[in-house]
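Taking it in order: structure first as structure tokens, then the write-up.
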Amino acid sequence: MSEGIKGKIEDAGHAAAEAAKKVGHKVAGGVEQAADWVKEKAHKVGEKAGQATEKAGDAVETAGQHIKDKSGI
């Protein structure tokens, strides 16, 4: 009888380990998706920052030209 209980406990342990493994894989998959999303958003932010920097540079150049034109330099 003790072999029967021991076997059931071992089976339950294996089932719990297998369930934990499946949960771990699902969590890892979700983390990977989240990381990809963050990378995509960071890339978009970087592009927008580059565009804003370019526009600011253009504005400074235009303002400088207007100052030169007004001052006659």
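For the chain, the direction-averaged projected area of the alpha-carbon convex hull comes to 6.1 nm².
Considering only 30, 57, 46, the Gaussian network model of the chain with Cα springs below 10 Å gives its largest mean-square fluctuation to 57.
Read the figures in this text as sums done on the coordinates, not as results from a lab. Bear in mind the structure is a predicted one, so any value in this text is a computation, not a measurement.
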